Each structure stands twice: as structure tokens, then as C-alpha cells.
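Working notes, structure below.
The values are calculated or read from the model by the stated rules, or taken from the named source; none is laboratory data. All values reported here derive from a predicted model rather than from experimental measurement. Quick reminder, even Gly has a Cβ in these numbers, built from the backbone with ideal geometry, and neighbours come from all protein chains shown. Please note that ligands, DNA and RNA were not included when accessible areas were found on the heavy atoms of the full protein model with its side chains. Shrake-Rupley method; radii C 1.70, N 1.55, O 1.52, S 1.80 Å.
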Amino acid sequence: MAASEAAVVSSPSLKTDTSPVLETAGTVAAMAATPSARAAAAVVAAAARTGSEARVSKAALATKLLSLSGVFAVHKPKGPTSAELLNRLKEKLLAEAGMPSPEWTKRKKQTLKIGHGGTLDSAARGVLVVGIGSGTKMLTSMLSGSKRYTAIGELGKATDTLDSTGKVTEEKPYDKITQEDIEGILQKFTGNIMQVPPLYSALKKDGQRLSTLMKRGEVVEAKPARPVTVYSISLQKFQPPFFTLDVECGGGFYIRSLVSDIGKELSSCANVLELTRTKQGPFTLEEHALPEDKWTIDDIAQSLEHCSSLFPAELALKKSKPESNEQVLSCEYITLNEPKGEDDVIKTC
């Protein structure tokens, strides 16, 4: 790491503006007649040096940011969508590096590439895998890889979104449901099964998300059941009406649909109250997911180095494609020589 930082600082493309320092030298000579003048000149000179060093530091950080490449993980809290969180991360990194700036507007081809693999619902929290630089090419493998969740379900209530953010559409009794009843049906939801995706989802119809169409009040037909894989599922806690599940599944699986289907199997109904993704691929929430106070260029560089051992070396060069049009990979390409806004283009890889 020290070697790369040294290379950044000594890069010939980084130009330091020395004119303020030269002007200060002249000012010092002119004011050297009195002790108070000499003191004032020293303050001015120190301020000029500090400003010059700050510009060099920002340029070094910008160069280091553009050199970052690989895959790491962040901790997504409840509230923002995955795309909104990615924008927040992007903005923090650009602000730290002082970009875009006049010095970098001259570099027409300098581009920061960043994206996420595997959307989390806005009401969910947990591991969100992020690719930066050439690491965005590795993100498609995250879509089909295994994921692990802790889900708290609520019996007796069904909602239009299948979670607590939606409108209650049905209520049924649950008082006769026992822990043994839940444990007895979990085997039906293990292995290779068929699952109907929720209407409120990122799946698309005619190029638009089903959730967007639903919010507009348009009539949307449910997607047909599709094959999904559940590697393991266990009941961690049961305190009626709430039950906690630990689920490990493959790509394209919806925990909201699982909880809803469990409620129906028990002759009641259910929705997801809390959802946490604890693992995605080799990334775990406890060991790898960076909290927001660690979203700095240096912390991400360290995380990339730490996480590089989690993947086979050849994976970084592999350009895989999504399994279907329904599994969307979000990759943001931010052109740094343009103002943030209209020219920030989101592409699907």
C-alpha cells in the first residue's frame, strides 16, 4: 500500500501550483523590516504552503480513487434503496477526492465506474456487494450466488407488498399455530422449488418495474412461478405472532414470498416484519460490510485488499452475463469531467 501511495504522489500528471508560494516569498522580503511584519509574513507563507499541500493531497486522493478496482461490501441500513445508497457512497468518495475539480476537467477520459450486485429492498438491511473499477465485471456472479437472510415474519396479516411497508389486505387467526407446526412445513420449502415472485419487485414488464406499475395503480399480473433453490431453512424463534427464520438460498429467491407462502401453508397469512441479509457470496455482514463511517478511499482500499482473497484470480477477468433479463445488474458510470447530474448515466451490464 505504501508503494502505491508513493507512486500516486510522485505521478508526473499531478501538477502543483507554486505561484502562491512565489508571491508569498516576495511579500516576505517586502515586509521583513519589522518583527511584527516578519511574523505576519510567516503566517501568510504558512497558509500558502498549507493550501498548496491541500491541493496536492486532493490530487493524490483523486488518483488513488480512480485506481481502486475490485469488489467489497457495505452495510445497507433500512430506508434507502440500493441505488440511493450507491449514490450516497459515490458522492462521499467524490467529495473526499475533491472531484470533479478544474484540474480533473482536463482529463476527458478519466471515469469512475461503480455498481452493486444484488438489490436489497428499501425496508431491508445488511450486506450490499459493491464493485469498483474493473470489479464491476465480477458483479454478475453475485446475482446467482448464495445468500443468507434472517427474517422476522408476522402471522395473521397479509399485505400487498408482502412486508410491513404495505397495506394490510387480509387478516386471519393464528392462535392455534404452534412451533411444531412451523418446523413441520419448512421441509416443503427446502431444495429446488417453484416460487411466484411478489408483484412489488424489481422484475420488469415492458421495460418498467412491476413495483412502479403497482404504485401507479395499474393492473399487473403476477409473474409465473419459477424455479429457485433453498439450501437451508430453520426456525430460530417463535413468539406468536412473530417467528424468526434463518434462510440460505440461491439467486432470484424472494424471502417475502417465502414468508407469505408459509402463512398460507399454515391456513393463515403472514408478512415480513424485518429482513437482514447476513451473507452474500463470500461476504458476511459481520466481517466484510463497511459501515457508512468507513466509506473512505483508504478504508475501501484496505477492504479491497482484504477481500481479494475471497475470489479465484481468474474471476476478476471473467465477463459473465446475467442469467436472465429479470436479474438486473446496476452499474453506474460517472464521468468526472462533467457536473454531477444529467450526465451521470446508469447502464445495465
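The table that follows gives values for the structure above.
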item	result
Filter result (at pLDDT below 95 and assigned to a loop (DSSP other than H, G, I, E, B)) within segment 138-161	139, 145, 146, 160, 161
Number of positions in segment 263-281 that are in contact with a helix residue (DSSP H, G or I) (Cβ under 7 Å, 6 or more places away or on another chain) and open to solvent by less than 40 Å² (accessible area, probe 1.4 Å)	8
Filtered residue count, segment 268-312, keeping only those that are under 30 Å from residue 167 (Cβ atoms) and charged (D, E, K, R)	2
Matching residues in segment 77-102 - criterion: being in contact (Cβ under 8 Å) with a residue 60 or more places away in the chain and open to solvent by less than 30 Å² (accessible area, probe 1.4 Å)	82, 86, 89, 90, 93, 94, 97, 99
In segment 209-234, the residues that are loosely packed, with under 12 Cβ neighbours inside 10 Å and at pLDDT below 90	215, 216, 217, 218, 219, 221, 222, 224
Scan of segment 235-270 for residues that are among the charged types (D, E, K, R), touching a strand residue (DSSP E or B) at 6+ places or on another chain (Cβ under 9 Å) and under 15 Å from residue 180 (Cβ atoms), ordered by number	237
Total residues in segment 252-262, condition touching a helix residue (DSSP H, G or I) at 6+ places or on another chain (Cβ under 9 Å) and either surrounded by fewer than 20 Cβ atoms within 10 Å (Cβ to Cβ) or not assigned by the TED database to the domain that holds residue 176 (or both)	2
Residues located in segment 282-295, provided they are surrounded by 14 or more Cβ atoms within 10 Å (Cβ to Cβ) and either out of contact with any Lys or Arg (no Cβ under 8 Å at 6 or more places or on another chain) or among the small types (Gly, Ala, Ser) (or both)	282, 283, 284, 288, 289, 290, 294
Check on residue 326, open to solvent by 10 Å² or more (accessible area, probe 1.4 Å) and at pLDDT below 90	yes
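Yes/no per residue for (1) at pLDDT 85 or above; (2) open to solvent by 20 Å² or more (accessible area, probe 1.4 Å); (3) within 25 Å of the chain's Cα centre (by Cα); (4) within 27 Å of residue 268 (Cβ to Cβ):
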{"site": "124", "(1), (2), (3), (4)": "yes, no, yes, yes"}
{"site": "128", "(1), (2), (3), (4)": "yes, no, yes, no"}
{"site": "164", "(1), (2), (3), (4)": "yes, yes, yes, yes"}
{"site": "186", "(1), (2), (3), (4)": "yes, no, no, yes"}
{"site": "191", "(1), (2), (3), (4)": "yes, yes, no, yes"}
